[in-house]
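To keep things clear, I will list the structure first and then write my remarks on it.
The values are calculated or read from the model by the stated rules, or taken from the named source; none is laboratory data. All figures in this text were calculated on a predicted structure; none of them were measured in a lab. We place every Cβ from the backbone using ideal geometry, glycine too, and count neighbours over all the protein chains shown. Keep in mind that these areas ignore ligands, DNA and RNA; they rest on the heavy atoms of the full protein, side chains included. Shrake-Rupley method; radii C 1.70, N 1.55, O 1.52, S 1.80 Å.
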Amino acid sequence: MDGKRFRKSAEDSSRFNFSNVTHATEFILINDLNPDFDLTSIFSAITDDMEVEPKGRNKIVIPKEKKAKLALTTNYIITGVGGSYERRQHIVEFGNFFNKANKKRIQVPKIIGKPLFDSDFNASDWNGFYLYAIECVGRYLREGLRPAENANYKDRVVVTAVEGKGGSGG
């Protein structure tokens, strides 16, 4: 789902946010959320049965044991503190290694030996990429979610709380 088009309230037709979700849906990605996204707007969708209201059809309820997993991506801090927020989130912070390298004028090919995902990325490179992804999935299936330190994220949460909503993830 396009996070920029994710509706915030009933007045904005938020009841249709999940209108394409069915009992067969296994994973929902809400990509690139706006800085003012309010996690409380989907609290019940995360932890309870999921109510889905397709346009022009009757509302359906998907039991929490059978509903899709939810993932959100954003470049901003999702504000909110306390147990209600913490138990509904597993933060995965991506670093800014390549941004820092670029600022120092160190190009990706110098770091990894070739450009990522371009015409020089051959079948062997793709196989290595896919193998790494499969290994990550296997580790998740064996070990489950593992807590991360997320030090930069925690610092930005404090800054955002002091300065106001929408602090960029950098």
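Values computed for the structure shown
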quantity	calculated
Scan of region 43-58 for residues that are open to solvent by 40 Å² or more (accessible area, probe 1.4 Å) and at negative phi, ordered by number	SER44, ILE46, ASP48, ASP49, GLU51, GLU53, LYS55, ARG57, ASN58
Pairs with Cβ under 9 Å, 6+ apart, first in region 132-156 and over 28 Å from GLY80 (Cα atoms) and open to solvent by 80 Å² or more (accessible area, probe 1.4 Å), second outside any helix (DSSP H, G or I) and of a type outside the set (Gly, Ala, Ser)	ARG139/ARG146
Search result, residues across region 55-77 that are among the hydrophobic types (A, V, I, L, M, F, W, C) and in contact with a strand residue (DSSP E or B) (Cβ under 7 Å, 6 or more places away or on another chain)	ILE60, VAL61, ILE62, ALA68, LEU70, ALA71, LEU72
Residues within region 17-41 that are of a type outside the set (Val, Ile, Thr) and either part of a strand (DSSP E or B) or under 15 Å from ILE77 (Cα atoms) (or both), tallied	11
Some residue of region 128-138 being of a type in the set (D, E, K, R) and over 21 Å from ILE91 (Cα atoms)	no
